[in-house]
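Below is one structure, written out as structure tokens; comments come after it.
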Amino acid sequence: MNLLPWMRPEHLAPGDTKSLRGDWRGLELHTIRSTDDPFFETAFGALWKEFGAAGEMEQASVIAERMKWNPSQMLDGAALLYAMQLITHNGEFVAVRDHTAILLANEPGAIVHLSHNLVAPAWRRSGIAGWLRALPVSTALEALAAAGRPIDAPVTLVGEMEHFNPSHAATEIRLTAYEKAGYKMVDPEIVDYWQPDFRDPRIIDQENGPKPIPLCLMLRRIGREQEEFASGAEVCQVVNALYKMYGRGFRARDMQVVFETLKTYPPADAHIPLVPPTSVPKNPK
């Protein structure tokens, strides 16, 4: 194996072991902590070009504030660590991702929200995507250590994805990739998840209030990838963590709309199926 120091085999998803066989010479990982970082423009620019125009990414001002989060500071029941990570090869763009580790008060583990993930066309199917999916585990451990929590505490990675629709090729490709890696989807027939409105507050006000987007939740519970159910309490904990993260950058009245949806979730002792992502028809409620 030709692995670099930041490549942790134990952090790979069950279906990403092919990433161990790549030739990774010349790759560099840049963890960007500030908008003043010389790599910020490259990393954010690539993400914004891919996701911003579609309304799938927060404004640069929101990202700048996230970079100031300190996981040792518990505010409003949550401590947060945001990471934007760029991979280059001999100085050329390879891939970029961003994510946030969330520590909840009175909960022992870490929940990592997977925001965006982008690989240059020339590097697709190389195995680098597997390492991108592994990086958030290291961020979770960093956050736990900074907060003085045990690093063997439970870690859950969670992504927000479009409902499966075989007529949308890009969606099917993304869901298939995560399914092959070993992620499972919270059954959207049972849990209605809504992502907050990312738009500028002025536009939200002009259009008579926020318009949340119905999405599905993708989970990888580290060390428990084979389990086929999650409790209602665990699903609520995950969604509450995401909403507390979003609440740091969005107005309280806009967030209230999505917080209200938690009242419709199954009870704490419910057994909620975790299903293969591509087996779920597009049928948002």
Kindly check whether there is at least one residue in segment 197-215 that is closer than 17 Å to residue 247 by Cβ and in a strand (DSSP E or B). yes
Can you tell me how many residues in segment 216-267 are assigned to a loop (DSSP other than H, G, I, E, B) and loosely packed, with under 15 Cβ neighbours inside 10 Å? 7
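Each row is one residue, and each column tells you yes or no for (1) more than 19 Å from residue 51 (Cα to Cα); (2) in contact (Cβ under 8 Å) with a residue 40 or more places away in the chain; (3) not small (Gly, Ala, Ser).
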| site | (1), (2), (3) |
| --- | --- |
| 182 | yes, yes, no |
| 187 | yes, yes, yes |
| 198 | no, yes, yes |
| 233 | yes, no, no |
| 249 | no, yes, no |
If residue 167 satisfies all but one of (1) in a loop (DSSP other than H, G, I, E, B); (2) touching a residue at least 12 places away in the same chain (Cβ under 8 Å); (3) of a type in the set (Ser, Thr, Tyr), what's the number of the condition it fails? (2)
Can you tell me which residues in segment 19-40 are surrounded by 13 or more Cβ atoms within 10 Å (Cβ to Cβ) and either part of a strand (DSSP E or B) or among the aromatic types (Phe, Trp, Tyr) (or both)? 24, 27, 28, 29, 30, 31, 32, 39, 40
Filtering segment 110-119 down to residues that are at pLDDT below 95 and under 26 Å from residue 76 (Cα atoms), which residue is surrounded by the most Cβ atoms within 10 Å (Cβ to Cβ)? 115
Being of a type in the set (A, V, I, L, M) and in a strand (DSSP E or B) is the filter; apply it to segment 50-82 and report the residue that is surrounded by the fewest Cβ atoms within 10 Å (Cβ to Cβ). 75
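Condition check: of a type in the set (S, T, N, Q), surrounded by fewer than 22 Cβ atoms within 10 Å (Cβ to Cβ) and touching a Leu at 6+ places or on another chain (Cβ under 9 Å). Does residue 100 satisfy that?
Judged against the criteria, residue 100 is not a match.
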What are the residue pairs meeting all of these: first residue in segment 44-58, first residue farther than 18 Å from residue 171 by Cβ and at pLDDT 85 or above, second residue among the small types (Gly, Ala, Ser) and not in a loop (DSSP other than H, G, I, E, B), Cβ atoms under 7 Å, and 6 or more apart or on different chains? 44/60
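Out of the residues in segment 148-164 that are of a type in the set (Val, Ile, Thr) and part of a strand (DSSP E or B), which is surrounded by the fewest Cβ atoms within 10 Å (Cβ to Cβ)?
So the first thing to find is which residues in segment 148-164 are of a type in the set (Val, Ile, Thr), and the list is 151, 155-156, 158.
Subsequent filtering for residues that are part of a strand (DSSP E or B) retains 155-156, 158.
Working: 155: 24, 156: 21, 158: 24.
Selected residue: 156.
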When segment 166-185 is checked residue by residue, the ones that are over 28 Å from residue 59 (Cα atoms) and surrounded by fewer than 23 Cβ atoms within 10 Å (Cβ to Cβ) are 166, 167, 176, 179, 180, 181, 182
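Quick one: which of 145, 140 is farther than 29 Å from residue 204 by Cα, crowded, with 21+ Cβ neighbours inside 10 Å and not acidic (Asp, Glu)? Step through it out loud before you land on a result.
Numbers: 145 fails: crowded, with 21+ Cβ neighbours inside 10 Å.
Result of the check over 145, 140: 140.
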Segment 271-285: number of residues that are surrounded by fewer than 17 Cβ atoms within 10 Å (Cβ to Cβ) and either modelled with pLDDT of 95 or more or part of a loop (DSSP other than H, G, I, E, B) (or both): 8
Cβ-Cβ under 7 Å pairs, at least 6 apart or on other chains, segment 202-223 side of a type in the set (Val, Ile, Thr), far side surrounded by fewer than 18 Cβ atoms within 10 Å (Cβ to Cβ): 213/195
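The values are calculated or read from the model by the stated rules, or taken from the named source; none is laboratory data. Just so it is clear, the structure is predicted and the values come from calculations on it, not from any experiment. Don't worry about glycine lacking a Cβ; one is built from the backbone with ideal geometry, like all the others, and counts go over all protein chains shown.
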